[in-house]
1. Working only within region 119-155, note down all residues that are among the aliphatic types (A, V, I, L, M) and within 16 Å of the ligand (Cβ to nearest atom).
2. Determine which single condition A213 fails, assuming it passes every other condition in (1) within 20 Å of L58 (Cα to Cα); (2) touching a Leu at 6+ places or on another chain (Cβ under 8 Å); (3) surrounded by fewer than 16 Cβ atoms within 10 Å (Cβ to Cβ).
3. Just need a number here: residues in region 194-214 that are within 12 Å of the ligand (Cβ to nearest atom) and either assigned to a loop (DSSP other than H, G, I, E, B) or of a type in the set (V, I, T) (or both).
4. For A190, which of the numbered conditions (1) within 13 Å of the ligand (Cβ to nearest atom); (2) in contact with a helix residue (DSSP H, G or I) (Cβ under 9 Å, 6 or more places away or on another chain); (3) within 26 Å of I138 (Cα to Cα) fails to hold?
5. Name the pairs: first residue in region 193-205 and within 11 Å of T85 (Cα to Cα) and in contact (Cβ under 8 Å) with a residue 40 or more places away in the chain, second residue within 14 Å of the ligand (Cβ to nearest atom) and assigned to a helix (DSSP H, G or I), Cβ to Cβ under 7 Å, at least 6 apart or on different chains?
6. From the list Y234, Y178, which one is closer than 20 Å to A12 by Cβ, of a type in the set (F, W, Y), touching a Phe, Trp or Tyr at 6+ places or on another chain (Cβ under 8 Å) and in contact (Cβ under 8 Å) with a residue 12 or more places away in the chain?
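Laboratory data are not the source of any read-out in this text; all were calculated from the coordinates shown. Just so it is clear, the model here is predicted, and its values are computed rather than measured. Here the Cβ positions follow ideal geometry from the backbone for every residue, glycine too, while neighbour counts run over all protein chains shown.
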Amino acid sequence: MKNSLGQLFLEATKYQNMDKSNQEKGKPQPVLERPCEGRKIELPSIDLTEMDGSLNQLIIQRRSLRNYADKAMTFKQLAYLLFVTQGIKQKNEKVTLRTVPSAGARHAFDTYLLVNHVEGLESGLYRYLALEDAVVKISSDPTLKDTLTNACLGQKMIASSAVTFFWVADIERMTYRYGERGYRYLHLDAGHVCQNLYLSAEAIGAGTCAVGAFDDDRINSILGLNLDEQFTIYIAPVGFKKSNLEGE
Ligand SMILES: Cc1cc2nc3c(=O)[nH]c(=O)nc-3n(C[C@H](O)[C@H](O)[C@H](O)COP(=O)(O)O)c2cc1C
């Protein structure tokens, strides 16, 4: 379909159609992580071998899980899920290398968390600060669980999850190097992050379900994003299986 939005997008983001990016123009590079006001709660240290499962087994077992047991996640398990989705393995002033790949190592996501049922963490909305290995509570509003669920078109798994991940794209952090083509990479990168969450959730006896159906404007406004610079790209609730037999 010529001139469909999809075709226009592909054309506008072709490598050969790119203008000079801000990096090529010599502009200063954006921060590696957006700052966040508030008290930093250090994440517990994790021992990856405790959560280990055979990779092949986890891949075969993986299903999207939408019904969750009424069971709390430990803070350590949450720290593990954060590490495998966005944790930093190496860094310098300009670049981070993380547990997921990212185009040009831009790592242009900030992780927001709706915490419903995590031992040692009050319910509320949090930001994960990968550079500081900490989380910061940004809202205690008790109505958040319902408003976010409604904004995800009423998908109840958000409210019943132990924790829900919201990955927020920081546009300039990616387009700084790649211009408009960076929009493609943001969406590709999000897939890697969520796949790691799928497999690591399996490794702790839990599950997740990718969520792409949500009311963008409402989610972005509830998370308090700067709409010129950020947007919610992908969402994923996590909870424990009710029994070993339940797949969905
Ligand atoms: C990009 C994307 C968006 C999705 N959005 C939703 C969603 O909003 N709600 C939902 O229940 N499942 C959603 N899913 C999950 C798919 O429905 C699921 O992966 C598919 O049915 C295959 O099942 P499986 O993951 O158990 O293999 C999404 C999956 C992907 C990859």
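1. Answer for region 119-155, where residues must be among the aliphatic types (A, V, I, L, M) and within 16 Å of the ligand (Cβ to nearest atom): L148, A151, L153.
2. (1)
3. Qualifying residue count, region 194-214: 7.
4. Exception for A190: condition (2).
5. L199/L58; L199/I59
6. Every option except Y178 fails the conditions.
Residues are listed down the side, and each one gets a yes or a no for (1) out of contact with any Gly (no Cβ under 9 Å at 6 or more places or on another chain); (2) within 17 Å of Y185 (Cβ to Cβ); (3) loosely packed, with under 11 Cβ neighbours inside 10 Å:
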residue	(1), (2), (3)
K2	yes, no, yes
L8	yes, no, no
A12	yes, yes, no
Y15	yes, yes, yes
K25	yes, no, yes
P28	yes, no, yes
V31	yes, no, no
R34	yes, no, no
G38	yes, no, no
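Conditions tested, residue by residue: (1) farther than 26 Å from S45 by Cβ; (2) among the basic types (K, R); (3) surrounded by fewer than 19 Cβ atoms within 10 Å (Cβ to Cβ).
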site	(1), (2), (3)
F109	no, no, no
L131	no, no, yes
W167	no, no, no
D170	yes, no, no
